[in-house]
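The next block holds one structure in the form of structure tokens; read it before the comments.
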Amino acid sequence: MTIGKQQPIGIFDSGIGGLSICHAVKDILPEEDVLYFADVEFSPYGTKSQEMIAQRSEYIVNHLVEQGCKLIVVACNTATVNSIALLRSKYSVPIVGVEPGVKPAALTSKKGVIGVLATEQTLRSESFQRLKSIYDSRVKIETKACPDFVSLVENLEHESESAVAIAEQYIRPLLQVGCDQLILGCTHFSFLMEAIEEVVQKEANIIDTAVPVVMEIKKQLLKRNINNTLGLQGDTRFWTSGDSSKTARTISNLWGQEVQVLQTKP
């Protein structure tokens, strides 16, 4: 398949957490067109089986490839650890995933204790366990599954008082054992930054992976000479497997402007 410079970048997530990657793409690569797919009918992935996650990921990548995407971003930590190897074996387009930023946390920790906030699926995955084992000898890695964080964002309650209370429950134990680096291991969690910062204060450095992911996208585009060079403002279009009008309201709120969302068959 011939890939053109003006073809869009495809980004997908179990819901709307991957919009944090979209925002970073529009900031750093504003000339690129983007197609975003929110798999809200099957959200959250964190409670699904590996087989289901892989099946959904393949379905969505197939859809994005049919739409002409030149590069795919698996903007979901859970989908990355459970399906990216399969996706790369089946598709010729470059596929970029996300994983918890354990490496930068381990290299910058002064106390030798770092914390990872993620979904249960991510923390249980072989991929994360391998990543963790690489740095186990350098730092102590504390983990915390945060299932309520995803639903807070999906229900647009990420700026509520309850968001701060839930963040306190998840994060305080990590701070109490001395974590000085706190890794956001899910793209949804970026939208909870205000609540997380209120709990953390200055006790730890917070590591979000959105910018490093977009720098990897840029690197892959330049490597293949498929970066958009027209210099025009890129377009962003949205798809979902769920209720398009409800998803449009949610995305519009987090995107900062009214958007239309097209619906596919689940």
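Once you put a point 7 Å from the Cα of Asp27 and another 7 Å from the Cα of Leu107, both along the Cβ direction, what distance in nm separates them?
2.0 nm
Using the beta-carbon distance between Gln201 and Arg138 and R0 = 30 Å, what value does 1/(1 + (r/R0)^6) give for FRET efficiency, to the nearest 0.05? Kindly include the intermediate steps, with their values, before the conclusion.
Numbers: r = 26 Å, r/R0 = 0.86.
After rounding to 0.05, the efficiency reads 0.70.
What FRET efficiency do you get for Arg224 and Glu159 if R0 is 45 Å and r is their Cβ-Cβ distance, rounded to the nearest 0.05?
Values: r = 39 Å, r/R0 = 0.87.
Once rounded, the FRET efficiency stands at 0.70.
Given that just one value was derived from the coordinates, which of [x] -0.45; [y] -0.58; [z] -0.38 is log10 I(q)/I(0) by the Debye sum over Cα atoms at q = 0.09 Å⁻¹?
Recomputing log10 I(q)/I(0) by the Debye sum over Cα atoms at q = 0.09 Å⁻¹ here picks out [z].
Roughly how tilted is helix 77-90, in degrees to the nearest 10 and between 0 and 90, from the longest Cα axis of the chain?
Between helix and principal axis, roughly 40 degrees.
So what's the gap between the Cα centers of the range 135-172 and the range 32-55, to the nearest angstrom?
20 Å
Provide, for the range 102-208, the number of lysine pairs with alpha carbons under 19 Å apart, each pair being eight or more places apart or on different chains.
13
Hey, what angle do you get for helix 126-135 against the long axis of the chain, alpha-carbon based, 0 to 90 degrees rounded to 10?
The angle comes out near 50 degrees.
With each pseudo-label sitting 7 Å past Cα toward Cβ, what's the Ser245-Leu232 distance in nm, one decimal?
Going by the 7 Å Cα→Cβ label model, 3.3 nm.
Calculate how steeply helix 50-66 sits against the longest principal axis of the alpha-carbon atoms of the chain, using the helix alpha-carbon long axis, and give the answer as 0 to 90 degrees to the nearest 10.
In the chain, helix 50-66 runs at an angle near 40 degrees to the longest axis.
Any read-out appearing in this document is the output of simple, stated calculations on the displayed coordinates, not a laboratory observation. Keep in mind it's a predicted model, so treat the numbers as computed, not measured. Note: ideal-geometry Cβ built from the backbone for every residue, glycine included; neighbour counts use all protein chains shown.
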